[in-house]
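To keep things clear, I will list the structure first and then write my remarks on it.
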Amino acid sequence: MKNLKKKLTLTGLMTAGLLFLSGCVQTHVVDGVRVPTEAATHGITYNFLVRPMSAFVDLFANNLHMGYGWGIIFVTLIIRFLILPLGLNQAYKSTYMQEKMAYLAPVFAPLQERLKKAQTPEEKMAAQQALMAAQKDNGINMLSSIGCLPMLIQWPFFIALYNAAAYTTGISSSTFYGIPLGHPSVVLVIISGVLYFIQTWISTLSMTPEQKKSGMAMLIMSPAMIVIFSFMSPAGVALYWAVGGFVIVIQQIIITFIMKPRMRRRIDEEFTKNPPKINNEGLKDVTPTSVQENFKEITSERNEKERKSGGRNAGKQNRK
C-alpha cells in the first residue's frame, strides 16, 4: 500500500509538471493550428519567457539558415547544458542521502522492525522518535537534499523552451528531415520514450534491491508519461523532449558511473572513522551493541561480495 501511494504521488507530480508546462500559455485553434490567444501574447509569461526563446530559435532557424528543427535542437542543447551544473548539484545531494540511507540500512533495521511491531500509540511514538534520532545522529536529513532553488531556476527555462517549441511562428509549417513539426510524429515519440527509458534504466544499475523496487516504477512511468505527452503534442515539442532526453541520459551517466562511486568511497571512509551510533533510550530490546554487530555483519558480507565482483571496496580490501 505504501509503495502504491508513492507511485501514485510520483505519477501525479509528473503529470502536474507537464500540464503546468503546457498550460502556461493559453492557446486556441486557428485554421487547424494551435496558437497562443491574443490575451496570452500580451501576458508576462509569453513576453518575458516565450517570446525571447522564440527569437533565439529564430536566430538559428532563419538568421543562420539552419531551419526550425535544428534551431530547436541547438537552443535546447545550449539551455540544457547551461543549467546542467544545477541539475547535477541537486542530483548529487539527493543521491548522496539515498546512498547514505542504503549504507545505514543495517543500523536502522532494528528500529524499523520495532516500529512495525509497536502495538500502542505510545510504543509507535517512542519507536518513531528513536528512528528519527538515529537518523539525525548519523547525519541523515532527506529534507536538506531536496533544495527548491535549483528547480526554481530551471523551471522558467523549461517553460520558455516548451512553449517556444510549440508556438514559435513558422514551426508549424516547417519540416525536419521529412517530419512535419506542426503535427505529432511517431518517430520522435519513440525516440523520446527510448531516451527516457535509457535514463531511468541507467539509474537502476547501481541501486540496492530495496531501491530497485521503487526505481522500477520510475523505469515505466517516466518514459510512459513522456510518450503520452509527446504523442499529444506537435513534433516540434517531441523534438524538444528528445533532445532533453539525450542531455538527461548524459547527466544520469555522470551520476551513476562517476558521482556514485565517489559518494560510496566517501561514505565508507566516513563511517570507518566514525562508526554508526544509536541512542536506545526507551527501547530496551534495541541496544547500541546489537546494532553495531548487525551493521558489521551485513556490511562485511556486502563488502566481500563487492570485492569479489570488483565493486567499490575492491581497492580498499586489497590494501589490507
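The values are calculated or read from the model by the stated rules, or taken from the named source; none is laboratory data. Values in this document were obtained by computation on a predicted structure and should not be read as measured data. When we count neighbours, we look across all protein chains shown, and the Cβ atoms used for this are built from the backbone with ideal geometry, even at glycine. For accessibility, only protein heavy atoms count, side chains too; no ligands or nucleic acids. Shrake-Rupley method; radii C 1.70, N 1.55, O 1.52, S 1.80 Å.
Does Ala127 count as touching a helix residue (DSSP H, G or I) at 6+ places or on another chain (Cβ under 8 Å), free of Cβ contacts under 8 Å to residues at least 12 places away in the same chain, open to solvent by less than 80 Å² (accessible area, probe 1.4 Å) and over 19 Å from Glu210 (Cβ atoms)? Considered against the rule, which asks whether it is touching a helix residue (DSSP H, G or I) at 6+ places or on another chain (Cβ under 8 Å), free of Cβ contacts under 8 Å to residues at least 12 places away in the same chain, open to solvent by less than 80 Å² (accessible area, probe 1.4 Å) and over 19 Å from Glu210 (Cβ atoms), Ala127 comes out as no. Which ones in the range 94-109 are out of contact with any Ser or Thr (no Cβ under 9 Å at 6 or more places or on another chain) and either aromatic (Phe, Trp, Tyr) or exposed (fewer than 15 other Cβ atoms within 10 Å of the Cβ) (or both)? Scanning the range 94-109 gives a single hit, Phe108.
Applying the set (1) open to solvent by 40 Å² or more (accessible area, probe 1.4 Å); (2) closer than 30 Å to Gln199 by Cβ; (3) modelled with pLDDT under 85 to Gln112 leaves exactly one unmet item: (2). Could you go through the range 59-79 and let me know if any residue there is part of a helix (DSSP H, G or I) and on the phi > 0 side of the Ramachandran plot. Yes, because at least one residue in the range 59-79 is part of a helix (DSSP H, G or I) and on the phi > 0 side of the Ramachandran plot.
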